Amino acid sequence: MTLDNLKNLANIGSLNAEPVDKREFNGLVVSASDRLNDVFGGRLSYASRFDLTYNAAHALALAALRFYGYRSDKRYLVFQCLAHTLNLSESTIRIFSLCHDRRNLAEYEGDFNVDEMLLSELEKYTKELFDKVSELKL
């Protein structure tokens, strides 16, 4: 893990340093867990599965960032920081980044372009992200 990189991002204004908040951290993890339970517990449309899984991934990535005392108001940066907070691979982060781009297209331009393979990858990596974040203890 390269926590110095987080400090450097804060020094240039890309991240904000804030005290760790155990309640916020736990709330983000519970929110992600609830969303993932909905995704894997029933029959949902592609759009619903994608939306719930993407937002669970974002909550978990933000929880990891908050665990180390930082915050970003830029969703893409929260995902990119996973290389530093949880030592995730670039290929995993690329999936989250691609899903972020697809989420923006759907949300802001009405262009929902997610196939089963991408959605399966998002679900797989979000479950792995949940496991890693669950190991963090405040």
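The values are calculated or read from the model by the stated rules, or taken from the named source; none is laboratory data. Note that the structure is predicted; figures quoted are calculated from it, not measured. Cβ coordinates were reconstructed from backbone atoms using ideal geometry, including for glycine residues, and neighbour counts include every protein chain displayed. Remember, those area values only see protein heavy atoms, side chains included, never the ligands or the DNA or RNA. Shrake-Rupley method; radii C 1.70, N 1.55, O 1.52, S 1.80 Å.
Select from the range 66-86 the residues that are among the basic types (Lys, Arg), over 10 Å from the mean Cα position of the chain (by Cα) and in a helix (DSSP H, G or I) and list them in ascending order.
66
A quick yes/no check of all residues on (1) in a loop (DSSP other than H, G, I, E, B); (2) farther than 12 Å from residue 65 by Cα; (3) open to solvent by 70 Å² or more (accessible area, probe 1.4 Å):
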| position | (1), (2), (3) |
| --- | --- |
| 7 | no, no, yes |
| 23 | no, yes, yes |
| 28 | no, no, no |
| 35 | no, yes, yes |
| 39 | no, yes, no |
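If you check 71, 43, which single one turns out to be surrounded by fewer than 21 Cβ atoms within 10 Å (Cβ to Cβ), touching a strand residue (DSSP E or B) at 6+ places or on another chain (Cβ under 7 Å) and not acidic (Asp, Glu)?
When all the criteria are applied, what remains is 71.
Please determine, by comparing only the residues of the range 87-108 that are among the hydrophobic types (A, V, I, L, M, F, W, C) and part of a helix (DSSP H, G or I), which one is surrounded by the most Cβ atoms within 10 Å (Cβ to Cβ).
Across the range 87-108, the extreme among qualifying residues is 96.
Mind counting the residues in the range 48-60 that are within 8 Å of the chain's Cα centre (by Cα) and open to solvent by 10 Å² or more (accessible area, probe 1.4 Å)?
2
Does residue 63 qualify as being open to solvent by 20 Å² or more (accessible area, probe 1.4 Å) and assigned to a helix (DSSP H, G or I)?
Taking the combined requirement at face value, the residue does not satisfy it.
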